[in-house]
Structures are given as C-alpha cells and as structure tokens.
Amino acid sequence: MLNGRLPIRIVLASWAVLLVVSGCSSQSSDPPAASIQTGPTLAADPAGDATAAVAVPVQVRASTASRSTPAQAEPVSRAPEVVLKTSIGDVRVRLNPDKAPVTVDNFLTNYVERGFYEGTVFHYVDRGFMIAAGGYTAALEPKAARAYIRNEANNGLKNKRGTIAMIRDPDHADSATSQFFINLSDNAGLDPHEGEGEDAAGYCVFGEVVEGMDVVDRIAAVEVADRNQFPKTPVTPIVIESVKWLR
C-alpha cells in the first residue's frame, strides 16, 4: 500500500496498454512498462516515440519504449532550480543532481529545455498523498515521452512532504520518463524498502519545493472527479503553462 492509501499499482492493467527498464532483450519478450501514474498512458514504438493512447477500464499501462537511455548532457555542477508556472500560481523547485544525476539531467535536458511540460496538467490529485503531472494535456491526451531512465531512488532522499519524485511502473524500477509527483505528506511507503519485487526499489526523489508550497496545497484542495480512465482528476484543469530553468 502507498502510505496506507492506494496500492502502489496505481495504474496497471493489460499488456496492450501502457506509460512511461533497462535491458536488451527483443521487444516480443520485453515485459510491459507502466508507472505509478494515475491514468491511461501512451503506447510507444521501439524508438521511444508515443503513438497512441488506448482506453482501458479503471487502471492503465503504457507500452514498451526504447531500452536505451537518453543522450545525457554535461553533468549539472550546481543545484539547479526550476519554476513551474501553473494556472493558479508558481512553484519553485530545487533539484538535486548530486543525489540523482541521471534523473535531474533527464528532467532538464529531455523535458524542461524542450518545452515539453507547457500545456500539460496535474492529472491526478489525492489530497494528503500526492499531486501528479507531466504527461497529459488539458484534454487528457498523452504527450510523447522519451526513453526510460535508471531508477535512482536508493540515493538517501526520502519521499517527504514537498519533495518531487518520478512516476514509474511499479513492476519495473527503471521505467520513469517525463511524469512526476509532489508529495503532500511524508510517504515512507514510496521509499526503497526491504522485500522482493520491483515495488521495493522505491520512487526516486530528485528535488524539493523551496517556494510555492501554498500553491501545491491549493492544487491539492481542488475539486476532483473520475474522468473515464483517470481517477481523481481536477474538474477544472490545473495547467502547467511553463517550466523555466533558473540558470
């Protein structure tokens, strides 16, 4: 269970439908990949480009993407900060490249610098638990993410209130792409822990909110409803208008 609220398999269903693992077997034998994400996700071709979103009842998966990791930029030498400009206020986040270098590089290089997050929404809001974003437009259409990255959850950073962490498939530790969540409480159940299976690998924290936690709490307080395959989706979309890297 996630903090005694939802099963960590927030979004799983069939092999035909999936979101944003490491290995090199053929596509036909690859396991499906999804994420902690809370809605349908997208099917991707072997090159890692999403091609379709498939409706599935209640829970969802995302199809297999490229096994290769994205091209990495020069290592970030200082703690970068980004501002998420949302339709109800700004949230400033300080990232931690020392603890999560691959994750921070992926977030900045593959998504922030490309303007990927512009027009995406917080598609899942669970008051007291988390708010999730980074993969869908206001019409809940999926955006094409890039390749999976290695899970760096075992870096000493904890899923505490105000931290930002990566969404991934609970069945496959190395399956995060663009989607992320902000913890609304201390969620120790999302940290690496003893046990068998990929769930025990935890969810990678790669930064923390340093300004705008009041905005995060306002997002957490909005009215939500189940919309098709998306549970607990804001009735009025909370749009990410831009994510700016403060250099």
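Here Asp169 meets the list (1) within 17 Å of Val102 (Cα to Cα); (2) of a type in the set (Asp, Glu); (3) buried (at least 24 other Cβ atoms within 10 Å of the Cβ) almost entirely, failing just condition (1).
Only residues that are part of a loop (DSSP other than H, G, I, E, B) and either closer than 25 Å to Tyr111 by Cα or open to solvent by 10 Å² or more (accessible area, probe 1.4 Å) (or both) were counted across the stretch 183-199, and they come to 10.
Condition check for Asp226 on (1) open to solvent by less than 50 Å² (accessible area, probe 1.4 Å); (2) farther than 17 Å from Arg150 by Cα: one failure, at (1).
Considering only residues in the stretch 145-182 that are over 10 Å from the mean Cα position of the chain (by Cα) and not in a loop (DSSP other than H, G, I, E, B), the one that is farthest from Glu113 (Cα to Cα) turns out to be Thr163.
Counting only strands (runs of 3 or more DSSP E) wholly contained in the stretch 65-144, the ones carrying 2 or more residues that are open to solvent by 60 Å² or more (accessible area, probe 1.4 Å), under 23 Å from Glu211 (Cβ atoms) and at pLDDT 95 or above occupy 89-95.
The values are calculated or read from the model by the stated rules, or taken from the named source; none is laboratory data. What you are looking at is a predicted structure, and each value in this text was computed from that prediction instead of being measured. Cβ coordinates were reconstructed from backbone atoms using ideal geometry, including for glycine residues, and neighbour counts include every protein chain displayed. Ligands, DNA and RNA are excluded from the accessible area calculation, which covers all protein heavy atoms including side chains. Shrake-Rupley method; radii C 1.70, N 1.55, O 1.52, S 1.80 Å.
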